[in-house]
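Values quoted throughout were computed directly from the atomic coordinates according to the rules given, and no laboratory measurement underlies them. All values derive from a computational prediction rather than experimental measurement. Neighbour counts run over all protein chains shown; Cβ positions are idealised from the backbone, glycine included.
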Amino acid sequence: MTDFKDYKALWNETMQQLKCQFGTQPMDWWTSLKYTSSSEDEIFIAAPSAYHRDQVKSRFMAHIDTKIMELTGKPLKITITEKQSKKSAKNIVDETKKPAEENNFVSEVPDKTPDPVNVTKHSETKAAIQKNRHFQLKNEFTFDTFIVSEKNKYTFAAAQAVARNLGTSYNPLLIYGGVGLGKTHLMQAIGNYVHSNSDNNIIYISAENFMNEFIESINDKKTASSFRNKYRHTDLLMIDDIHSLKYGDATLAEIFNTYEALHNANKQMIFTCDRPVSELKNLTDRLKSRFESGLNVEICLPDYETRFAIAKSRIKLCGINIPDDVISFVCKNITTNVRDLISALKKLFSYADLMAKPVTLEIAQQQLRDTIVSTKQTNVSTDVIIRIVAEYFSLTPTDLRSKKKSHNIVHPRHLSMYIIRDLTELSTTDIGEVLGGRDHTTVMNGIDKIEKRILSDPTEEPMIQTLKRMIKENYVK
């Protein structure tokens, strides 16, 4: 099986950005270059004539190489011929004759996919087979392969609506939630749907890579211009994990200006974040208002039934027979997120493959013992945290949830907020709810006070570590 990407989408994106950078030349050098095929480290291009080929090589090849390196992070050889060679033509015919899996078009399609807006089942998967995949997107991340829980129906419907109506009423779309819940899957599902059903220009990038590209562009006018053209002339911009951005003044200004350029041109933006925008520190008010002006939707922890469906789908894809009692055991004990669930299943798949033995309940319990202890420590109950903090200070959980404001209660209450935030995936709004119905601003202020106290009081951090140890030991008994 050949393991390389088809680079047609990459080539088209390269040409689009170079056209923005250089404009129309006396001859339209860009549109007359035709992609023919590609291998793991080479792209084959046809030019209309030998003269055209030689002009492109002498005048523009360095720019093409630089742009491809910028987009992929690795060099690719560009072979330009004056017309499509028989070898290239044969490559294209052979590629279209290969089965779907030989072209990296394997799709994880579960038996049943909840569909709140009546999307034709597997439509985007079929379309993807007819069109080359986008080089930045995982082709297994589609709407068909996203198993929807009751809590996530609204978020799923919002993503589908955006995919069908780019740049209209739901712009920007921000998907927030804890780690490993499927934010990237849903974001890329939108990108794959748009790519399969249109010729729109799509950019997917992590916030960290966006930041790195911007930093590299600051001191070079030509690179800075290329950076702006790249991100301000796309039809769909998707930035993953915006909470990981390190916000300096220049970065904030660039994000704001990119936002304004795309929004004014009715181009779609999608962002993911591990918390609501209101909880992002060091974000300017004008950017917060822009992010919140569109549609903000939360992706929630899957319930038991959804985890079971996800596990069954993954097992079916891998072709390994795992009994339902084992699946039930895994789903009842791995409750943190989808990523941990799949990681546990992969451990069982590896055992079955390497040992050539069926996976029984006893084997699953043995193989996943450490994994389950670890996830249970991560998936800590807020009631346990509040109880242990209260007992440490000779108080009761009722004291910490009460409206009392005496110092001997306020400080332990703030510690509870800080530790809950550190050991769970709860938002500050949720933390406020479990501590007597306080609003998220109060919780943010309480956490901030503990962070400042850690810096000024050398006894604070050791005390917090002691409390965390007591909380985790509660789950190992």
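Add +1 for every Lys or Arg and -1 for every Asp or Glu among the other residues with Cβ under 13 Å from the Cβ of T258, and state the total. Walk me through the numbers before you get to the answer.
Working: positive: R228, K230, R232, K267, R290; negative: E213, E254, E260.
Local net charge: +2.
Given the options H263, L252, T234, identify the residue whose Cα lies farthest towards the positive end of the charge dipole of the stretch 229-271 (+1 on Cβ of Lys, Arg; -1 on Cβ of Asp, Glu).
T234
If you average the C-alpha positions of the stretch 313-345 and of the stretch 271-299 separately, how far apart do those two centres end up, in angstrom?
33 Å
Per the Kirkwood treatment, what hydrodynamic radius in Å, one decimal, follows for the stretch 304-378 from the mean inverse distance over all distinct Cα pairs?
Values: mean 1/r = 0.0823 Å⁻¹.
12.1 Å is the Kirkwood radius here.
Give me the one-decimal nm value for the distance between modelled label points at Q55 and S381, 7 Å along each residue's Cα-to-Cβ direction.
Taking the two extended label points, one gets 7.6 nm.
Find how much the distance from E473 to K449 grows on full extension, using 0.36 nm per residue of separation minus their present alpha carbon separation; answer in nm with one decimal. Don't skip to the end; give the middle numbers.
Working: separation 24, 0.36 × 24 = 8.64 nm, distance 2.65 nm.
Length difference between fully extended and current span is 6.0 nm.
Quick one: go through the stretch 421-463 and flag any residue whose amide nitrogen is under 17 Å from the point 7 Å out along the Cα-to-Cβ line of S402.
435-438
Need the full-extension length gain, S225 to K34, defined as separation in residues times 0.36 nm minus the C-alpha distance. One decimal, nm.
Values: separation 191, 0.36 × 191 = 68.76 nm, distance 2.59 nm.
Using 0.36 nm per residue and subtracting the Cα-Cα distance, I get 66.2 nm.
At R0 = 60 Å, how high is the FRET efficiency between T81 and A265 if r is their beta carbon distance? Nearest 0.05 is fine.
Values: r = 37 Å, r/R0 = 0.62.
The computed FRET efficiency comes out at 0.95.
Under the rule of at least 5 residues apart or a separate chain, name every residue whose amide H is placed under 5 Å from the amide H of T360.
none
Determine the distance separating the Cα centre of the stretch 205-266 from the Cα centre of the stretch 447-477; give it in Å without decimals.
Taking the Cα centre of each part, the stretch 205-266 and the stretch 447-477 sit 38 Å apart.
Take every Cα pair under 8 Å in the stretch 125-298 that's 6+ residues apart, average their separations, divide by the length, and report that relative contact order as a whole percent.
On the way: 245 pairs, mean separation 56.5, N = 174.
Relative contact order comes out at 32 percent.
Given points 7 Å out from each Cα along the Cα-Cβ axis, report the N257 to I320 separation in nanometres with one decimal.
According to this spin-label approximation, the distance is 5.1 nm.
Could you work out how far apart the two model spin labels at S343 and I363 are, taking each label as a point 7 Å from the Cα in the direction of the beta carbon, and quote it in nm?
Distance between the two pseudo-spin positions: 2.3 nm.
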